[in-house]
Amino acid sequence: MDSSSESVGDDQGDYQYPWFPMGHFGINFIQTDGSKAYVEGELSRAYIKDYELLKASKRKKEEKQPAEQLQVDMDEMSLQDSVPEDNGEATDKLLEDKDMAYEVLPKWSSDKKKGKKRKAKGRYNYHSFEEYWDVSSFWVIQRTWLNDFGCQMTEENQKELLKKCDEMKPIYPIDQHENLLENPDYQNITKSLTETKEGVTFEEIYAEHCDLIKKQTENDYHIYQTKEVTRRCKDMINRVKRLGYAPGFEESQLPSFYDLNDKDIKIDKPLIKEVRYQIDESYAKKFVGDKFEESTASTSESSSSAESKIESTAQLNPKEIRFNFDPETEQHLIASNAEKLYANDPEISKYYYQRYRLFSRLDEGIIMDREGWFSVTPEAIAEHIADRVVRHNVSVVVDAFTGVGGNAIQFALRGAHVIAIDMDPVRLKCARENARVYGVADYIDFICADFFDVAATWAADKKLAPKVDAVFLSPPWGGPSYLKSKEFDLATGCCPNGIDIFDVSLKISPNIAYFLPRNTKVSQVLTELAIKAKTRMEIEQSSLNTKIKTITVYYGKLAYREKSPKSSGDN
Ligand code: MGP
Ligand code: SAH
């Protein structure tokens, strides 16, 4: 049965993390031989959150909060409690009364610890006016009051109030409050009262002052928020553009091949390249160094090349390679001990301080080598991908580039049987040990070999080929420097060549999830890969907390299909 044409369950889109379709596309290809192909698909985004895991991973010094910050007792300061009763004195008299402007203020606690709080909200992190008002009301009311009526206070009280105001100034005032006393909207706002209203009391003036200042602040807060939201939207649009698509807006910015009106596009390249099982020399050199050249100079058999690679990659004598983890001699792999090991290696220590987001059970015996640290899929993203893949009758998943097991473990935790391939024996050993930590080692077959060789073996002898429902691809992207180039090219950036990987995978299953950098040339995915797959597809951005971290391209039945009676079959 052609698994790609199976019907899609109604639970699509009903994922653990919020997920949204962001745009639909259809592309007609005219191939060089004149034949036509049509590919349709979806652009989508998953909103994945792991704040807690990230917070738990931070450096100790960052964990320490400043000495317990005590709340200002707002009740103590509340105006109702503190505004003295109206005594009905005349304005003239009132303005002569030294210190009435001070006496009328709510009394704050003399306890030094109390009332000392300047809430440190992030600059753009106020979620509502009430939240901002909570942080800023004392300062903005009293500071403006002092400005307007300070002359009605004793020097000593002016100083005390000024000091208190400085203490209470919010760390992140809105723009309009940056220079509060230079903003005319906050000056002398009740002055007219004293001039026009007979018999007005300081209590009345103060109450009016509070009221007007609050209204002015509320108004300014909304202006500020609107500006901020606009800024953030622009920022988001720019990011989406950088990634190569901008669903829903500014279609002129879309790459020319992306055509919402289904116009035909021509691609000149030959469509199906010969599938290569051999890895070319440049790849081999990059991956295993010069040693490989000698050992493969006359090698044409893929299996022997794989052996040489494994040997050289691990830089070990084959006899020294043990697939069992030995905590005595391999302490350098223990992830919870990695702080010291990578203390002078900022590229990796960055990941140590995000460690629980990589594996929430990191302290329970997770092991990783250096490459494992920067290439493992963060747990929440792996969880989401597994949630997407392991459904719709997917029970056997090939993880072609297993690494230290971030994805394989999540597929198994979802109930899939996983065939976990990696050509690096140390990393595969890590994957197996890590799967034990998560209690799923028995649901995973570990194969230490070159994926190209495994695929070739399966293709050559169908009896050896397992029934595979889906293939997951997370190849090396050439190290953390993949972000240095503006656009990530699948052919030259992935190692081995990302187009070849896809070719080979299609021989195993049309249902593929391809985990790629966020700066991947989307044009390549929508042309070169799409025409090879000839199934519907979906490009999903994984937003982790607030940042687009990676993308996953789903093909075949893994891709979202709009629930429409019109929607065509896959092939
Ligand atoms: P990253 O380099 O940590 O980017 O990669 P980040 O955190 O956005 O960097 P920053 O400096 O902009 O903050 C993000 C994620 O991509 C990693 O956590 C890995 O899951 C994945 N990843 C990174 N690399 C280099 C690889 C790789 O070579 N192969 C695979 N499969 N995944 C990788
Ligand atoms: N998803 C993984 C990370 C994969 S990193 C995780 O979450 O841990 C990419 C892995 O591909 C590396 O471990 C590397 O050893 C492996 N690899 C590179 N070329 C390969 C090949 N030709 N066949 C199999 N594995 C390969």
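The values are calculated or read from the model by the stated rules, or taken from the named source; none is laboratory data. It should be emphasised that the depicted structure is a prediction, and the values quoted were computed from it without experimental measurement. Because the Cβ atoms are built from the backbone with ideal geometry, glycine has one as well, and the counts that use them run over all protein chains shown. Only protein heavy atoms, including side chains, enter the accessible area calculation; ligands, DNA and RNA are left aside. Shrake-Rupley method; radii C 1.70, N 1.55, O 1.52, S 1.80 Å.
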What list of ³J(HN,Hα) values in whole Hz, one per residue of the stretch 142-148 in order, does the Karplus curve 6.51 cos²θ - 1.76 cosθ + 1.60 (θ = phi - 60°) give from phi, with Gly and Pro shown as x?
-> 5, 5, 6, 5, 4, 5, 7
Work out the FRET efficiency for ASP99 and ASN179 from their Cβ-Cβ distance, taking R0 = 41 Å, and round it to the nearest 0.05.
-> 0.90
Exposure rank, largest accessible area first [THR527, THR32, THR201; 1.4 Å] | THR32, THR527, THR201
Report, by chain and number, residues whose modeled amide H sits under 5 Å from the one on THR520, excluding near sequence neighbours (fewer than 5 apart, same chain).
-> PHE488
Once the principal axes of the Cα atoms of the stretch 370-437 are found, what is the range along each, listed largest first in whole angstroms?
-> 35, 21, 20
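Please get the size of the charge dipole for the stretch 378-555, origin at its Cα centre, with Cβ charges of +1 on Lys and Arg and -1 on Asp and Glu, quoted in debye to the nearest 20.
In debye, rounded to 20, the stretch 378-555 gives about 320.
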Per 10 Å bin from zero, what fraction in whole % of the C-alpha pairs of the stretch 378-555 is there, up to the bin with the longest pair?
-> 10, 40, 40, 10, 0
In whole Hz, what ³J(HN,Hα) sequence does the stretch 542-549 give by Karplus (6.51, -1.76, 1.60; θ = phi - 60°), x for Gly and Pro?
-> 9, 8, 9, 6, 10, 10, 6, 9
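At 1.4 Å probe size, put LEU341, LEU558 in order of accessible surface, largest to smallest. Let's see the in-between values first.
Details: LEU341 90, LEU558 5 Å².
If we order LEU341, LEU558 from most to least accessible, we get LEU341, LEU558.
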Amide H partners (placed H, <5 Å) of ASP399, local residues excluded | ILE419, ALA420, ILE421, PHE472
What's the extension gain from LYS36 to LYS191 if we count 0.36 nm per residue and subtract their Cα-Cα distance?
-> 48.0 nm
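If R₀ is 45 angstrom, what is the calculated FRET efficiency for the pair GLU364 and LYS169, using the beta carbon separation as r and rounding to 0.05?
On the way: r = 46 Å, r/R0 = 1.01.
Efficiency, rounded to the nearest 0.05: 0.50.
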Cα gyration tensor category, rounded, prolate or oblate, for the stretch 129-236 with a/c compared to 1.5 = prolate
Which ³J(HN,Hα) values in Hz, rounded to whole numbers, follow from the phi angles of the stretch 188-195 under the Karplus curve 6.51 cos²θ - 1.76 cosθ + 1.60, where θ = phi - 60° and Gly and Pro get x?
-> 6, 6, 10, 4, 4, 4, 5, 7
Which of the listed residues, LEU544, LEU464, TYR554, is farthest toward the dipole's positive end in the stretch 429-571, when Lys, Arg count +1 and Asp, Glu count -1 at the beta-carbon?
-> LEU544
Would you please classify the overall shape of the stretch 338-416 from the alpha carbon gyration tensor, given that a ≥ b ≥ c denote the square roots of the eigenvalues, rounded means a/c under 1.5, and beyond that prolate means a/b larger than b/c while oblate covers the rest?
-> prolate
